[in-house]
Amino acid sequence: MFAVLLAGIGLAACSAETGAEAPDSAPAADAAPGAVYSMRVGGTEEWAMRDTIVAEVDGETVTVRVFEDMHTFPELQLDLNGDGTTDAIIAVNGGGNCCPSDYYFAAHRGGRDFTVRQIPGIYSWEGPELIEQDGETLVKFVSVNEGMNTRDFREWTSIFRFEGDMPVLVSEAVRPEMPALAELRSSVFEDNPDGRRSFTHDLNGDGRADSISCAFWPRWGRLSDCAAELAGGSGRIQIEAGCKRLGVVGQSTGRMSDLVCDADRMVQFDAAENKYFAR
Ligand SMILES: [Ca+2]
Ligand SMILES: [Ca+2]
């Protein structure tokens with residue numbers, strides 16, 4: 001998850017590039033016959049953004065929608081609503097890495113007529129994915145409440161179909177949490193992001209409570225610099241995992257209890273390194 005997060009940040013940061021040399025069209029290799037979508041630099045201001053989605057229709061360039069002062073990109077181009085015209089899923093973001101894109105459904109209604117609607121409830125760093133389900137082509141988004149907050153980790157998968165010009169939610173499922181015996185959550189830093197917080201659990205089964213502690217990284221709302229200290233003092237055991245929730249689960253690797261990061265990511269002790277690593 002964390003690698004994905006960082007990749008997402010990189011992508012968002014790259015999309016913040018500006019300038020008049022920006023290409024005026026996006027790859028559209030998978031486009032079905034019909035409208036071909038691309039983005040254009042709108043306006044003449046210094047911080048020109050590729051804020052305009054256009055479509056080529058029968059040799060004509062039609063403005064589909066201007067998202068003023070935003071970056072745009074047509075992510076998917078195909079007939080999503082089954083009416084024979086090429087539609088698009090459009091990513092729109094403000095540049096930088098604060099937030100993932102918003103996503104819009106552009107329906108080509110024929111001729112120069114397009115309808116654009118936001119796809120609601122999405123907070124996805126990875127963007128849309130086409131899936132086949134029961135013989136139907138649908139679009140899946142995986143959202144994560146990543147960002148500057150102390151809320152509990154939440155990952156939800158939303159699947160949409162497109163009817164006419166409307167995105168219709170087919171299903172939404174939240175990734176369930178693996179239960180923990182004891183845990184620490186980002187929310188304990190809500191009132192004060194400074195210092196360290198800890199909890200205790202007998203990690204090595206010697207009957208003595210050990211301490212697990214973390215600091216906090218406000219920018220991404222994650223626990224940071226987590227470490228375990230065993231009772232009796234064999235030193236600090238670093239926990240290499242950036243989590244919004246770190247807990248102890250009822251299984252172990254070698255002599256040491258396994259940990260859970262966020263919903264269900266396993267974090268296990270590596271005796272050779274004397275560290276915990278996320279798997
Ligand atoms: Ca269509
Ligand atoms: Ca112990």
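The values are calculated or read from the model by the stated rules, or taken from the named source; none is laboratory data. None of these values were measured; they are calculated from a predicted model. Here Cβ is always computed from backbone atoms with ideal geometry, including for glycine, and neighbour counts include all displayed protein chains.
Brief remarks follow.
- The listed residues are 263, 231, and the only one of them that is in a loop (DSSP other than H, G, I, E, B) and under 21 Å from the mean Cα position of the chain (by Cα) turns out to be 263.
- Scope region 58-87; condition more than 26 Å from the chain's Cα centre (by Cα) and part of a strand (DSSP E or B); matching residues: 60, 61, 62, 63, 64
- Annotation note: of 225, 210, 194, the sole residue that is without any contact (Cβ under 8 Å) to a residue 40 or more places away in the chain, within 16 Å of ligand 2 (Cβ to nearest atom) and of a type in the set (Asp, Glu) is 210.
- Each residue in region 165-194 was checked for being outside any strand (DSSP E or B), in contact with a strand residue (DSSP E or B) (Cβ under 7 Å, 6 or more places away or on another chain) and not aromatic (Phe, Trp, Tyr), and 8 of them qualify.
- Selection status of residue 130, outside any loop (DSSP other than H, G, I, E, B), within 16 Å of ligand 1 (Cβ to nearest atom), outside the structural domain of residue 265 (by TED's automatic domain parsing) and buried (at least 17 other Cβ atoms within 10 Å of the Cβ): no
- Set 164, 111, 96: member being among the small types (Gly, Ala, Ser), within 16 Å of ligand 1 (Cβ to nearest atom) and either closer than 30 Å to residue 186 by Cβ or touching a residue at least 60 places away in the same chain (Cβ under 8 Å) (or both): 164
- Every test in (1) touching an Asp or Glu at 6+ places or on another chain (Cβ under 7 Å); (2) aromatic (Phe, Trp, Tyr); (3) at pLDDT 95 or above is passed by residue 125 save one, and that test is (3).
- Candidates in region 162-181 are the residues that are surrounded by fewer than 16 Cβ atoms within 10 Å (Cβ to Cβ) and among the small types (Gly, Ala, Ser); of these, the one that is farthest from the chain's Cα centre (by Cα) is 164.
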